[in-house]
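First up is the structure itself, then whatever we jot down about it.
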Amino acid sequence: MATSEEEEEEELRRVAGSVPDPELPVLTLDELGVLRNVHVLGPGRVEVELTPTYTGCPAIETMSADIVRVLHAHGVPEVMVHPVLSPPWTTDDISDTGRRKLRESGIAPPRTQRAPGPVPLALGPTHTAGPAGPQASDHGAPPAADDAGPRDTVGAVHCPQCGSADNELLSRFSSTACKALRRCRACREPFDHFKEV
């Protein structure tokens, strides 16, 4: 059975986690996976652990200030936000809800890394080819009726408009450093791809 302190930490985590990401406001900090822990240190004192998407991320200051603001508004007078660098954040930390929201906003979510460790780098053509259309998945089976789109796979980037895995890289950087600009070769629409880290 949860103690009142555990319930309070869970509630404060929900409040802090509801803060939108400053660079991708379609995602909350909880959905992005950067909110690590919330600890009640005593009456009116809370410590929040936040992992930046990369060391030196300029958005960490805005995230911290927004967390302090929402927790103050929730009645917590003393809020300390500490960056936590280990374990490092990876795009695998983005929740399923976050991936669905990215897709719905026209951004291809990052591919899932199946194994721990660094992301392998493969140099080669600037386009990916795979089964066209949203019916394709990483196992060749059609997605479930409630599926928000094709399943994430290690090798394919799916167009968020039509689901095709046949696309080309236009620029390694898009509106933010974490995204690349791609164009679908099936529907010809450009789209952002949240790069894997």
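Is it true that Ser86 is closer than 30 Å to Asp166 by Cα and surrounded by fewer than 18 Cβ atoms within 10 Å (Cβ to Cβ)?
Against the criterion (closer than 30 Å to Asp166 by Cα and surrounded by fewer than 18 Cβ atoms within 10 Å (Cβ to Cβ)), Ser86 does not qualify.
So that you can scan it fast, the table gives a plain yes or no per residue for (1) crowded, with 16+ Cβ neighbours inside 10 Å; (2) over 27 Å from Ser4 (Cβ atoms):
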position	(1), (2)
Cys57	yes, yes
Ala73	no, no
Pro77	no, no
His82	no, no
Thr90	yes, yes
Asp93	yes, yes
Gly98	yes, yes
Ser105	no, yes
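If you go through region 48-67 one residue at a time, do you hit one that is in contact (Cβ under 8 Å) with a residue 12 or more places away in the chain, part of a strand (DSSP E or B), outside the structural domain of Ala177 (by TED's automatic domain parsing) and more than 18 Å from the chain's Cα centre (by Cα)?
Within region 48-67, one or more residues are in contact (Cβ under 8 Å) with a residue 12 or more places away in the chain, part of a strand (DSSP E or B), outside the structural domain of Ala177 (by TED's automatic domain parsing) and more than 18 Å from the chain's Cα centre (by Cα).
Can you tell me which residue within region 1-30, out of those that are farther than 22 Å from Cys178 by Cβ and of a type in the set (A, V, I, L, M, F, W, C), is surrounded by the most Cβ atoms within 10 Å (Cβ to Cβ)?
Leu12
What is the one condition in (1) more than 17 Å from Ser95 (Cα to Cα); (2) in a helix (DSSP H, G or I) that Leu41 does not satisfy?
Going through (1) more than 17 Å from Ser95 (Cα to Cα); (2) in a helix (DSSP H, G or I) one by one, Leu41 breaks only (2).
Condition test on Ile67, is it surrounded by 15 or more Cβ atoms within 10 Å (Cβ to Cβ) and touching a helix residue (DSSP H, G or I) at 6+ places or on another chain (Cβ under 7 Å)?
yes
Is there any pair linking a residue in region 24-40 that is β-branched (Val, Ile, Thr) to one that is in a strand (DSSP E or B) and crowded, with 24+ Cβ neighbours inside 10 Å, with Cβ under 7 Å and at least six apart or on different chains, and which?
Hits for this filter: Val38/Val46; Val38/Val48; Val40/Val46.
Check Ile94 against each of (1) more than 22 Å from the chain's Cα centre (by Cα); (2) outside the structural domain of Glu10 (by TED's automatic domain parsing) and name the one condition it does not meet.
(1)
Quick one: Gly33 ticks every box in (1) exposed (fewer than 13 other Cβ atoms within 10 Å of the Cβ); (2) of a type in the set (Gly, Ala, Ser); (3) on the phi > 0 side of the Ramachandran plot bar one, so which box is it?
(1)
Consider Pro88 carefully, then state whether it is at pLDDT below 95 and not assigned by TED's automatic domain parsing to the domain that holds Leu35.
yes
How many residues are part of a loop (DSSP other than H, G, I, E, B) and either touching a His at 6+ places or on another chain (Cβ under 6 Å) or aliphatic (A, V, I, L, M) (or both) if we restrict to region 3-36?
5
Quick one: would you say Thr53 is modelled with pLDDT of 95 or more and of a type outside the set (A, V, I, L, M, F, W, C)?
For Thr53, the condition - modelled with pLDDT of 95 or more and of a type outside the set (A, V, I, L, M, F, W, C) - is not met.
The values are calculated or read from the model by the stated rules, or taken from the named source; none is laboratory data. Bear in mind that the values here come from a model prediction, so they are computed numbers and not experimental data. So basically every Cβ, Gly included, is an ideal-geometry build from the backbone, and we count neighbours across all protein chains shown.
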